[in-house]
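What follows draws every value from the coordinates through simple rules; no lab data is involved. Keep in mind that what you see is a predicted model, and the values were worked out from it rather than measured. Every residue, glycine as well, gets a Cβ built from its backbone with ideal geometry; the counts of neighbours run over all protein chains shown.
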Amino acid sequence: MNKIRIVLVEDHDLTRIGLRTALQQQESVEVVGEAANGQKGIELIRSTQPDVAIIDIGLPDMDGIEVTNHLRASATDDSSPSGSETAAYQPKILILTMHDNEESVLAAFAAGADSYSVKDVGIEKLSEAIHSTYEGQSWIDPAIARIVLQQAQKGKAMRANAVGNASDDESDYEQVLEADPLTDREMEVLELIVDGCSNAAIAEELYITVGTVKTHVRNILSKLCAADRTQAAVRALRTGLVRL
């Protein structure tokens, strides 16, 4: 049986070495490369084309979300030769994150990777995650699933509360935002939405990818209980989140 080819992208040396050592003891897995930052990780993954890329969400130059978006965009990258294997290659991605950081967990879940695991997972569970991911099945660590479920239930309750109040007054949205405030980056994106900027323009202004912008926009719409960008902009102005 062919071994599952793995690339590790992790900036902490001890963690990366520990993962590599543990994986090398698995007969069904082969570590074909490792990188300590996102840019080198992208280059390594594109050159080696592993079966599964294990990517830490907290990289020093770009986070795991941006790395994932770069890799996902490679299949339609106009700079790649038409019809080339590099252009069509799409790795299966297993994101590593910290289970005690809710924001990090939710960001990892929104990244669009194939599977998600906490960093301190045991080797048996990690091997299970790798094999499931390789076989095309999404694998979500129970610790992450619980946080995502809790967030979904909280969001559902907030949306129901907002819909149930026909007056749509400012105090309701202030309560929503108190329960789930926007991050600094989401505020930057929201301000540009109010200015009428497109996703591409926001990406250029903030030096992030369009995919990352889309993730922030989805989070903003959810937190503001808005159906679209226009409604989000109106609510941002009404609540005083953004001032013209």
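Applying both filters, DSSP loop and at most 14 other Cβ atoms within 10 Å, to the trypsin sites (Lys or Arg not before Pro) of region 1-66 gives Lys3. Amide H contacts for Val242 (H built 1.01 Å from N in the peptide plane; partners 5 or more residues away or on another chain; cut-off under 5 Å): Leu237. Distant-in-sequence amide contacts of Tyr116, defined by a placed amide H-H separation under 5 Å and a gap of 5 or more residues or a different chain, comprise Ile95, Trp139, Ile140, Asp141. Of the peptides 212-224, 27-39, the order by per-residue mean of other Cβ atoms within 10 Å, starting with the highest, comes out as 212-224, 27-39. Extending 7 Å from the Cα toward the beta-carbon at both Ser198 and Ser28 defines two label points whose distance is 4.6 nm.
Relative to the present Cα-Cα distance, how much length would full extension add between Gln49 and Arg218 at 0.36 nm per residue of separation? Mind dumping the intermediate values first?
Numbers: separation 169, 0.36 × 169 = 60.84 nm, distance 3.01 nm.
My answer for the length gained is 57.8 nm.
Summing charges over all other residues whose Cβ lies under 14 Å from the Cβ of Glu205, with Lys and Arg as +1 and Asp and Glu as -1, gives -3.
Give the calculated FRET efficiency between His131 and Ile17 to the nearest 0.05, with a Förster radius of 25 Å applied to their Cβ-Cβ distance. Intermediate results must be reported in sequence, preceding the final value.
Values: r = 22 Å, r/R0 = 0.89.
The computed FRET efficiency comes out at 0.65.
With each label modelled as a point 7 angstrom along the Cα→C-beta vector, the Val210-Arg243 pair spans 3.5 nm.
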